[in-house]
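The next block holds one structure in the form of structure tokens; read it before the comments.
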Amino acid sequence: MDLHDHGLASDLEMMRQQAFERRQVLRWLLAGAATLPLMSCGGGSDAGGTAASGGVTGTSGGAGSVTIPAAGACTVIPEETGGPYPADGTNTNGGSIINVLNQSGVVRSDIRASFNGATGVAAGVPLTINLQLLNASGGCASLAGYAVYLWHCDRDGLYSLYSSGVTAQNYLRGVQETDSAGKLAFTTIFPGCYAGRMPHVHFEVYPSLAKAASAMNRIKTSQFTFPMATLNEAYTASGYTASVRNLAQISYATDNVFADGTSLQMATVTGNATDGYVVTLTVAVNG
């Protein structure tokens with residue numbers, strides 16, 4: 001099955017004019033708002049912005065209300081390995097380069113379903129991921145117009161395009177662009193725990209949506225994790241039996257990524273295993 005089509009470059013051509021007009025409107029609105037007193041609002045948990053399988057969206061529709069960060073109050077998130085399953089064109093599987101960044105439809109907020117011809121859908125506890133990018137080298141200002149490529153395993157601990165049984169799928173992978181507040185959101189499922197690693201989510205940060213078409217342009221690769229209480233609760237849900245066993249054999253202290261600390265990579269979580277979870281993380285990079 002040919003999963004490649006026209007790629008992100010083609011998507012960007014269709015989106016370019018629309019995105020330009022949107023940014024112009026935002027600039028006019030922000031210019032007008034500059035005369036008003038600044039008010040700091042707490043981040044919301046409404047993810048919204050859901051795209052149909054194979055569809056293309058720009059920024060996520062509801063990554064939370066605007067937060068004005070305190071100047072100088074952020075630390076760059078640690079650089080981490082992208083692992084063996086990035087599907088960003090930097091490695092191969094079965095002798096072929098694996099790259100979703102050149103697949104049409106990869107720019108999307110809902111990453112539960114496969115896209116661009118693949119039809120699988122990842123089952124599991126609903127999860128909304130809200131990220132905000134800040135510029136650690138620029139007074140912790142919000143980074144608008146940046147992009148994040150995010151991926152993680154399914155509830156069985158399998159990675160699409162690599163793991164046996166799901167090599168024909170590309171679910172749980174997607175790209176989003178940050179809004180004027182540096183925010184974006186993904187709709188996904190709670191990842192499982194596979195042997196040897198604490199549950200985690202991978203992501204790469206890019207300086208623009210256009211540059212997210214090539215992994216050579218990434219400016220940060222990192223991972224985040226979840227509080228232990230959340231993991232224990234989430235894995236009581238149907239389909240996560242193996243995760244309970246695997247989680248009992250690992251800890252943050254023995255994990256090869258999080259053993260040096262999780263203070264900048266521990267997501268804040270609300271919700272439950274029945275209704276789903278919303279996780280929020282502020283990610284500071286040198287923009």
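The values are calculated or read from the model by the stated rules, or taken from the named source; none is laboratory data. Values in this document were obtained by computation on a predicted structure and should not be read as measured data. Note that we place each Cβ from the backbone using ideal geometry, even for glycine, and neighbour counts take in every protein chain shown. Ligands, DNA and RNA are stripped out before the accessible areas are found, and what is left, the full protein with its side chains, is counted by its heavy atoms. Shrake-Rupley method; radii C 1.70, N 1.55, O 1.52, S 1.80 Å.
A few comments on the model shown:
- In this structure the stretch 130-287 gives 34 Å² per residue of accessible area when probed at 1.4 Å with all protein chains present.
- Residues of the stretch 100-139 with an amide N closer than 12 Å to a point placed 7 Å from the Cα of Ala168 along the Cα-to-Cβ direction: 118-120.
- Figure note: Glu204, Glu79 ranked by solvent-accessible area, largest first, 1.4 Å probe, ligands and nucleic acids not counted: Glu79, Glu204.
- For the pair Thr75 and Met216, a Förster radius of 30 Å applied to the C-beta separation gives a FRET efficiency near 0.70, rounded to the nearest 0.05.
- FRET efficiency for Ser137 and Thr236, using Cβ-Cβ distance with R0 set to 41 Å, rounded to 0.05: 0.45
- Accessible surface of the stretch 225-277, 1.4 Å probe, proportion on carbon and sulfur as whole %: 52
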